[in-house]
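Take a look at the structure below.
The values are calculated or read from the model by the stated rules, or taken from the named source; none is laboratory data. Keep in mind it's a predicted model, so treat the numbers as computed, not measured. Because the Cβ atoms are built from the backbone with ideal geometry, glycine has one as well, and the counts that use them run over all protein chains shown.
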Amino acid sequence: MASLTTNQQSNFDGFPKAAELIEIEGAFALEASDRAIFNQLLQTAHDSGRLTEADAEWEISLAALRRASTKHESNDRIRDSLRRLRRTEVRVTYVSARTGLPRTMETHLLEFTDTDDVDTPAATVQFGIPKRLRVVLARSNRWGRIRCEISYAMTSKYAIALYEMVCLRANLDRSVETIEMGRFRELLGVPPGAYERADNFMRNVVAPALLEVNGLSDIGVQIEMVRRHARAPAHAVTLAWWRKSGDEFRAAVQERRRSKVGRMARLKGNVETVDALTAVEAEQRRNADAHSEVAAKLERRRAEELAVGQAVTALRAKAG
């Protein structure tokens with residue numbers, strides 16, 4: 001019983017998200033914000049200790065969801081995400097308690113949402129998780145610790161999915177795994193028929209996901225395509241991961257605390273860094289420019305006064 005996901009406590013490393021929810025399939029309609037918001041809703045349900053209760057429902061303020069996901073004052077985007085979570089049908093694979101055989105449940109992630117119509121600071125959303133899904137979660141004994149702030153920091157839905165995949169595997173006695181390509185695409189939430197060529201898949205899905213996971217999370221990841229021979233299409237990927245430490249860990253924490261504006265450029269290394277000496281020189285240049293401008297104004301004033309004095313002198317001489 002102690003090994004059940006529902007018996008684990010949230011801590012500094014995050015809240016325990018069941019493997020059955022990390023490895024969902026068919027979630028390609030969900031956006032990055034939807035996945036991040038669902039993580040916060042799921043943590044709220046888990047931390048309440050009532051996730052397995054038959055009629056359990058939960059409530060959270062819209063302001064809390066909005067502050068974490070968007071700078072907009074309106075809750076419209078939050079409502080859009082809740083709507084997609086309620087309407088998107090996903091597949092959850094689990095092992096039957098009765099037969100011990102694998103089964104697949106098709107379900108929505110939220111049973112219902114009930115929100116205030118008026119956007120006040122006290123506005124809330126009440127929500128429920130489908131009963132059959134909670135039954136599966138009650139029996140789960142595999143989980144990954146997910147930090148909601150890391151999910152919210154990411155803009156790519158593929159990055160969030162990859163982050164959760166490596167969190168699920170972080171404490172294994174191995175740090176390398178080969179995953180069949182079709183399975184890997186499903187776990188990332190790639191739409192059917194999209195990015196089928198390996199180069200497009202790497203450029204539009206894998207590369208942006210790696211950039212954000214390696215730049216923002218506490219885990220480092222490397223992905224390589226697996227081919228049977230040089231000209232064969234990639235049939236699998238090799239996934240390698242490691243826990244960050246030292247400067248690598250601190251750099252990710254620092255980037256999460258910075259504004260999202262310009263983040264992708266920073267992660268790609270396209271932003272020139274300004275060291276302390278350059279900053280001092282720039283300040284000195286600004287001060288010098290300011291002094292020059294003041295000096296120029298004084299010089300113009302002296303010239304004007306001199307011109308006036310000369311004109312007065314000329315008038316007096318003429319009058320005399």
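If the condition is being among the aliphatic types (A, V, I, L, M) and touching a strand residue (DSSP E or B) at 6+ places or on another chain (Cβ under 7 Å), then the stretch 210-258 contributes Leu210, Val213, Ile219, Val221, Ile223, Met225, Val226, Ala234, Ala236, Val237, Leu239, Ala240.
Tell me, yes or no, whether the stretch 67-83 has at least one residue that is within 23 Å of Arg142 (Cβ to Cβ), at pLDDT 95 or above and not charged (D, E, K, R). Spell out how you get there, then give the answer.
Looking only at the stretch 67-83, we keep the residues that are within 23 Å of Arg142 (Cβ to Cβ), and these are none.
No: zero hits.
Are any of the residues in the stretch 159-169 in the same structural domain as Asn75 (by TED's automatic domain parsing) and either part of a helix (DSSP H, G or I) or on the phi > 0 side of the Ramachandran plot (or both)? Taking every residue of the stretch 159-169 in turn, none turns out to be in the same structural domain as Asn75 (by TED's automatic domain parsing) and either part of a helix (DSSP H, G or I) or on the phi > 0 side of the Ramachandran plot (or both).
How many residues are modelled with pLDDT of 95 or more and not aliphatic (A, V, I, L, M) if we restrict to the stretch 117-130? Before the answer, list the steps.
So in the stretch 117-130, the residues modelled with pLDDT of 95 or more come out as 124-130.
If we keep only those that are not aliphatic (A, V, I, L, M) as well, we get 124, 126-128, 130.
Selection size over the stretch 117-130: 5.
One residue stands out among those in the stretch 110-152 that are touching a Gly at 6+ places or on another chain (Cβ under 8 Å) and among the charged types (D, E, K, R): the one that is farthest from Gln8 (Cα to Cα), which is Glu111. Among residues of the stretch 217-241 that are touching a residue at least 40 places away in the same chain (Cβ under 8 Å), those with a Cβ under 7 angstrom from a residue that is exposed (fewer than 12 other Cβ atoms within 10 Å of the Cβ) and part of a loop (DSSP other than H, G, I, E, B), sequence gap 6+ or separate chain, pair up as His235/Arg228.
Condition first: part of a helix (DSSP H, G or I) and over 30 Å from Gly193 (Cα atoms). Now tell me which residues in the stretch 1-19 satisfy that.
Looking only at the stretch 1-19, we keep the residues that are part of a helix (DSSP H, G or I), and these are 5-7, 19.
Thr5, Thr6, Asn7 - these are the residues of the stretch 1-19 that are part of a helix (DSSP H, G or I) and over 30 Å from Gly193 (Cα atoms).
Filter the stretch 177-222 down to the residues that are part of a strand (DSSP E or B) and under 27 Å from Gly262 (Cβ atoms) and list them by number. Selection gives Ile219, Gly220, Val221, Gln222.
Residues checked against (1) at pLDDT below 95; (2) in a helix (DSSP H, G or I):
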position: Leu21; (1), (2): no, yes
position: Leu41; (1), (2): no, yes
position: Thr52; (1), (2): yes, no
position: Arg91; (1), (2): no, no
position: Leu110; (1), (2): no, no
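Within the stretch 177-218, if we keep just the residues that are touching a Leu at 6+ places or on another chain (Cβ under 7 Å) and hydrophobic (A, V, I, L, M, F, W, C), the residue that is farthest from Arg231 (Cα to Cα) turns out to be Val213. In the stretch 144-152, the condition of being modelled with pLDDT of 95 or more, within 27 Å of Glu59 (Cα to Cα), in contact with a strand residue (DSSP E or B) (Cβ under 8 Å, 6 or more places away or on another chain) and part of a loop (DSSP other than H, G, I, E, B) is met by at least one residue.
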